[in-house]
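Below is one structure, written out as structure tokens; comments come after it.
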């Protein structure tokens, strides 16, 4: 863990009160955007604050969660994985069973309901693996909104099934040719579109990053994951879990699971970054290999060179292939509340295969990073240790890519 | 003490014309050619120089300036080298104001206090940092003002009268009015709408108002110059750099003149504006 001046200060009474009125989590977060966007961001913040206090907004969201997304998602005891590992009792939070196949839809539902309140007719989004793009295209289809998804040209090639799904759902997919043609560049292009079409467009950001109010707002929409887990674990085991673990790209599935437990001091919390080819090679582990900087509207840990130029991340998983991390994670790292680990491409592919064979569940390559660390941690823990891993997405989209890696042509 | 920026806008106002503010990217297409372009700009008719600091992720820029930044980075340009360029320029020109324009991350990583000291010592007059709105003034704006550098703020079509005073509060040097809701070098603004917006801003501030984004030709420059105190041209100039390069993307004998020819034409456009009117 990195030394930080933040740790020299007294810890807060609660880890759950952020962000502050300036959108900060400690030194992280903020509103580092062009003036053109500032009035809109302030309007969005006001609209979200009003919606939070409006029972009708919560009732509408609850209804769509139940009847459209299919929540609550199960908390499932992974019996054979647990036996195989011979230690902690492993539970999977089954976010891959949500409509559209990942946790992304939790956030998109909230933002699309907000966009409707604001009278916006056009929705834009960035996407890496395509899961957020698919979720956004889905909700836009449901509510009859125009949807434009920006996706790096490299990701368009490696996530072809999701590209086709988005088009089926009526979205326009724009392959982004600038920069490294992955998620970072898709976000740049989405921001450029937003500046250009600021009057009628709602930017549906897919993770807990970007300018305030996005990191806190997206976290709130994703916290349903942890809220349900608390209740479900109480019902199944009569107590809280001992540890939580989730993969972290931007970090929305992770913060969604973690946030409701941050003040439960006995719950150990682990985030898993993508170590790519390894921490000494190309990777996407912003906390392990990055430093604080400013990009895409917020201050956070970033992969960059000594001049502050952003470096390309690398991960086998398009959804984790981003050179930054949500600002709240940066803060949770510095204050020591969450421990951030990393898993390599190879470890993730092994975990992908292991979970498929032992539990009959093909995880997304993103989620396989978390499984990889379960494989490492669970055997070291006692049998009465309750560990919850967020199975954030299903792996159907990754099957062609993994087949190719394993030398099978489909 | 009168700053170089104040003196220059006072001088152009005294001549009864708008100032021509020229943007080029530092290190584009390479460091040496970039210095040659800088040195040639004032003679060609540039009144103020905006020097773009290359950044990998220029979120407010269109394709022309994105590509200029990538050319510069490929050639090894950095914020340190950008300050070297300014220092070298200042050896031969003590009067033309230089405003650095870019994004916050390279400055943040350099270290705000040391950057401000080094920029001031190199001969930089002001800063335009696209991703620092007034809400983040404590980051760089207030320290810059304290260090004696101007902090030039962008006002945009979405900056309404309620917000304008906050935007203008810590602005110095001049106000940069962004003529369109959009990124640099794309749409052409509606000149009547821009003229109205400039008048609106001038009701709130005594600072000069320069207008940029989408100003490409001498005719555009002339149209803007009728009502504004300055006209900013950027994408068209970096496009001129690009058009002069050889097949491998290297500078040619025509690179400097491609820029200065366009600057001369733009300067003539700016000078003709109020004569014609």
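With (1) surrounded by fewer than 24 Cβ atoms within 10 Å (Cβ to Cβ); (2) away from every other protein chain (no Cβ under 14 Å) as the list, and residue A:255 as the residue in question, which single condition is left unmet?
It is condition (1) that residue A:255 fails.
From the list A:341, A:355, A:320, A:377, which one is modelled with pLDDT under 95 and under 30 Å from residue A:83 (Cα atoms)?
A:320
Return yes or no: is residue A:7 out of contact with any strand residue (DSSP E or B) (no Cβ under 6 Å at 6 or more places or on another chain), closer than 30 Å to residue A:339 by Cβ, modelled with pLDDT under 95 and in a loop (DSSP other than H, G, I, E, B)?
no
Please state which one of A:252, A:286, A:243 is closer than 21 Å to residue A:74 by Cα and in contact with a strand residue (DSSP E or B) (Cβ under 6 Å, 6 or more places away or on another chain).
The conditions single out A:243.
So how many residues does region B:176-197 have that are surrounded by fewer than 21 Cβ atoms within 10 Å (Cβ to Cβ) and either more than 13 Å from every other protein chain (Cβ to nearest Cβ) or not in a loop (DSSP other than H, G, I, E, B) (or both)?
7
From the list A:399, A:389, pick out the single residue that is assigned by TED's automatic domain parsing to the domain that holds residue A:244 and over 27 Å from residue A:280 (Cβ atoms).
Being assigned by TED's automatic domain parsing to the domain that holds residue A:244 and over 27 Å from residue A:280 (Cβ atoms) holds for just one of A:399, A:389, which is A:399.
Take residue A:266 and tell me if it is in a loop (DSSP other than H, G, I, E, B), within 11 Å of chain B (Cβ to nearest Cβ) and modelled with pLDDT of 95 or more.
In short, no.
Of the residues A:293, A:297, only one is within 11 Å of chain B (Cβ to nearest Cβ), surrounded by fewer than 24 Cβ atoms within 10 Å (Cβ to Cβ) and closer than 17 Å to residue A:30 by Cβ; which?
That would be A:293, the only listed residue that is within 11 Å of chain B (Cβ to nearest Cβ), surrounded by fewer than 24 Cβ atoms within 10 Å (Cβ to Cβ) and closer than 17 Å to residue A:30 by Cβ.
Identify the residue in region B:119-141 that is away from chain A (no Cβ under 14 Å) and either in a helix (DSSP H, G or I) or at pLDDT below 95 (or both) and, among all such residues, is surrounded by the fewest Cβ atoms within 10 Å (Cβ to Cβ).
That would be B:121.
Restricting attention to region B:5-41, which residues are over 30 Å from residue B:248 (Cβ atoms), within 16 Å of the chain's Cα centre (by Cα) and surrounded by fewer than 20 Cβ atoms within 10 Å (Cβ to Cβ)?
B:6
Which of (1) away from chain A (no Cβ under 14 Å); (2) modelled with pLDDT of 95 or more; (3) in a loop (DSSP other than H, G, I, E, B); (4) touching a helix residue (DSSP H, G or I) at 6+ places or on another chain (Cβ under 8 Å) is the odd one out, the single condition residue B:215 does not satisfy?
Here residue B:215 meets the rest and fails (2).
Hey, does region A:277-284 have a residue that's away from chain B (no Cβ under 14 Å) and not in a loop (DSSP other than H, G, I, E, B)?
Yes, because at least one residue in region A:277-284 is away from chain B (no Cβ under 14 Å) and not in a loop (DSSP other than H, G, I, E, B).
In region B:155-166, which residues are buried (at least 18 other Cβ atoms within 10 Å of the Cβ) and either within 18 Å of the chain's Cα centre (by Cα) or more than 9 Å from chain A (Cβ to nearest Cβ) (or both)?
Scanning region B:155-166 gives B:155, B:156.
So which residues in region A:171-207 are without any contact (Cβ under 8 Å) to a residue 40 or more places away in the chain, touching a strand residue (DSSP E or B) at 6+ places or on another chain (Cβ under 7 Å) and either within 12 Å of chain B (Cβ to nearest Cβ) or buried (at least 21 other Cβ atoms within 10 Å of the Cβ) (or both)?
A:171, A:176, A:185
What's the number of the only condition in (1) within 23 Å of residue B:236 (Cα to Cα); (2) part of a helix (DSSP H, G or I); (3) in contact (Cβ under 8 Å) with a residue 12 or more places away in the chain that residue B:66 fails to meet?
The number of the failed condition is (3).
Looking at this structure, is residue A:228 surrounded by fewer than 22 Cβ atoms within 10 Å (Cβ to Cβ), within 18 Å of the chain's Cα centre (by Cα) and at pLDDT 95 or above?
yes
Which residue is nearest to the other protein chains (Cβ to nearest Cβ), if the candidates are limited to region A:59-93 and must be in a helix (DSSP H, G or I) and under 22 Å from the mean Cα position of the chain (by Cα)?
Among residues in region A:59-93 that are in a helix (DSSP H, G or I) and under 22 Å from the mean Cα position of the chain (by Cα), the one nearest to the other protein chains (Cβ to nearest Cβ) is A:61.
Can you confirm whether residue A:156 is more than 13 Å from every other protein chain (Cβ to nearest Cβ) and over 18 Å from the mean Cα position of the chain (by Cα)?
The answer is yes for residue A:156.
Please determine whether any residue of region A:110-118 is without any contact (Cβ under 8 Å) to a residue 60 or more places away in the chain and surrounded by fewer than 19 Cβ atoms within 10 Å (Cβ to Cβ).
Scanning region A:110-118 turns up at least one residue that is without any contact (Cβ under 8 Å) to a residue 60 or more places away in the chain and surrounded by fewer than 19 Cβ atoms within 10 Å (Cβ to Cβ).
From the list A:81, A:75, A:85, A:92, pick out the single residue that is under 30 Å from residue A:290 (Cβ atoms), in the same structural domain as residue A:367 (by TED's automatic domain parsing), surrounded by 20 or more Cβ atoms within 10 Å (Cβ to Cβ) and at pLDDT 95 or above.
Selected residue: A:92, the only one of A:81, A:75, A:85, A:92 that is under 30 Å from residue A:290 (Cβ atoms), in the same structural domain as residue A:367 (by TED's automatic domain parsing), surrounded by 20 or more Cβ atoms within 10 Å (Cβ to Cβ) and at pLDDT 95 or above.
Residues in region B:82-96: is at least one within 14 Å of chain A (Cβ to nearest Cβ), buried (at least 24 other Cβ atoms within 10 Å of the Cβ), outside any strand (DSSP E or B) and in contact with a helix residue (DSSP H, G or I) (Cβ under 7 Å, 6 or more places away or on another chain)?
no
Condition test on residue B:49, is it at pLDDT 95 or above, within 14 Å of another protein chain (Cβ to nearest Cβ), touching a helix residue (DSSP H, G or I) at 6+ places or on another chain (Cβ under 9 Å) and closer than 19 Å to residue B:230 by Cβ?
Judged against the criteria, residue B:49 is not a match.
Looking only at region A:173-185, count how many residues are modelled with pLDDT of 95 or more and closer than 22 Å to residue B:54 by Cβ.
The number of residues fulfilling the criteria is 1.
The values are calculated or read from the model by the stated rules, or taken from the named source; none is laboratory data. In this text, all values refer to a predicted model and were calculated from it rather than measured experimentally. When we count neighbours, we look across all protein chains shown, and the Cβ atoms used for this are built from the backbone with ideal geometry, even at glycine.
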